[in-house]
Amino acid sequence: MKNLPLHWKIIIGLVLGIIWAFAASALGWNQFTRDWIDPFGVIFIRILKFIAVPLVLFSIISGISGLKDISKLGRLGAKTLGIYLVTTIAAVGVGLLLVNLIKPGALVDEDSRIKNRLAYEAWADETEGVEILDGKYLSGDEAYAEFMDDARIAAASGADVAEAKMQAAAKAKEQGPLSFLVEMVPENIVFSISNNALMLQVIFFAIFFGVSLAAVPDEKVKSVKKFIDGTNEVFLKMVDVVMQAAPFFVFALMAGVLANMADTPGEVFEIFIGLGSYSIVLTIGLAFMIFVFYPLILISVVKEMSYKEFFKRISPAQFLAFSTSSSAATLPVTMECVEQNIGVSRNITGFVLPIGATVNMDGTSLYQAVAVIFLAQLHMVDLSLGQQLTIVLTATLASIGSAAVPSAGLVMLIIVLQSVGLNPLWIAIIFPVDRILDMIRTVVNVTGDATVSTVIAKSEGELNYQP
Ligand code: ASP
């Protein structure tokens, strides 16, 4: 057991967590799980989160100030953003292709779909000319409520949550076209550092600080650089220490998540059966990204490494992404795996991965494309080519704008639905299966970041892979 590689220990923790959750709900121990096991999962996420911000701060500054040629930074930045954008758009394309080919929404029985269609038309009539997110609409929509009863899809509990999420999306929508640029610039760096949601502001500050540090003569800032490099090492060590206990924490996380989802094992299955076709299509798309898309990119650029080997070396980050559903919480471990196991230089990991965790979410963008079309199919709404292209655009932007935390993609889905005139409250329909699918899409998000950083390192001559 002692010599077992970490990723195997994590898998064992994960499986034991799932077994525990099912056994506990069969034996009526759910409350025990929530009270005595779930808190350890929460503690784990808290530790990872508090490490993430300082680690990003120090590793970016240390990476940039260590660059021999500062003009390299502009090229690196353009390359990073360019590749991230291409992979995200490709992911939306894969999602659209699959959902249009398999048509999971059309597999639902005809009668329900006709009812859904009528409810949709009633909703469309009622909301015509009404600002889509105004109070009237939010406060209740009879046609929709009726549909929710009729459809008998396990969405009842999702309806309230849907309203709360709508308000979050409304806030995001109110902003102007350049607000994303404004949001990147910190007003008060102490405030930004104290808030995990403001990671982009921390990145902005760190790049600016790093570039300025590199521009000051070495003898004046030698000790500052030493301090930053040293502190960075300490945070990396903290990740190392926490990872030793990761198998136990992952066990607690899995047991807790499942115990909070449903009271009986049967409930979990029921939830899945109702939304089975959607979940399967989405899972196929996400698996395609992991097992076909990224391997193709990787083997065409990095010839010396097999994808299997790549997979093995980043697997602790993938399992963690699965159990935390958060790319931000996984970031410290992703950085460690890519740097120490794959051999990507710190200049690259410190810059490419934190940006990736916040803006590159291929799994999320693919999910948004599949979810919107599935919901339209379920309501017998045909979307034109123009509308599908709008989805490419909005799903790409919405995934960039999604925070790297659980369920962020679901909130942004509202904006994608609205962009093509669909009822945003439909998110309640897919809500019951969202947490599990969120786990899978987060693995895609993290794998995408790791792949792109490896490819960039190779192209910059900064990959030191040891077979
Ligand atoms: N949970 C995802 C992540 O952290 C975002 C999402 O909800 O899609 O990457």
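The values are calculated or read from the model by the stated rules, or taken from the named source; none is laboratory data. Quantities reported herein were computed from a predicted structural model and do not represent experimental measurements. Cβ coordinates were reconstructed from backbone atoms using ideal geometry, including for glycine residues, and neighbour counts include every protein chain displayed.
Things worth noting here:
- Matching residues in region 355-371 - criterion: being among the β-branched types (Val, Ile, Thr) and in contact with a Ser or Thr (Cβ under 9 Å, 6 or more places away or on another chain): Ile355, Thr358, Val359, Thr364
- Qualifying residue in region 35-42 (condition: of a type in the set (Gly, Ala, Ser) and crowded, with 17+ Cβ neighbours inside 10 Å): yes
- Only listed residue being within 22 Å of the chain's Cα centre (by Cα) and acidic (Asp, Glu), chosen from Asp69, Asp38: Asp38
- Any hit, region 113-128, residues being basic (Lys, Arg), assigned to a helix (DSSP H, G or I) and either exposed (fewer than 14 other Cβ atoms within 10 Å of the Cβ) or modelled with pLDDT under 80 (or both): yes
- Note on region 354-467: enclosed helices (runs of 4 or more DSSP H) holding 3 or more residues that are touching a helix residue (DSSP H, G or I) at 6+ places or on another chain (Cβ under 6 Å), within 10 Å of the ligand (Cβ to nearest atom) and under 18 Å from Phe180 (Cβ atoms) are 362-378, 408-419.
- Here Gln340 fits the description: within 30 Å of Asn232 (Cβ to Cβ) and without any contact (Cβ under 8 Å) to a residue 40 or more places away in the chain.
- Any pair with Cβ under 6 angstrom, 6 or more apart, that starts in region 360-372 at a residue that is touching a residue at least 60 places away in the same chain (Cβ under 8 Å) and ends at one that is basic (Lys, Arg) and within 10 Å of the ligand (Cβ to nearest atom): Gly363/Arg441; Thr364/Arg441; Tyr367/Arg441
- Contact annotation: residue pairs with Cβ atoms under 8 Å, 6 or more positions apart or on different chains, pairing a residue in region 71-84 that is more than 17 Å from Leu298 (Cβ to Cβ) with a partner that is assigned to a helix (DSSP H, G or I) and among the aliphatic types (A, V, I, L, M), are Leu73/Ile64; Leu73/Ile207; Leu73/Val211; Leu76/Ile348; Leu76/Val352; Leu76/Ile456; Leu81/Ile355; Leu81/Val359.
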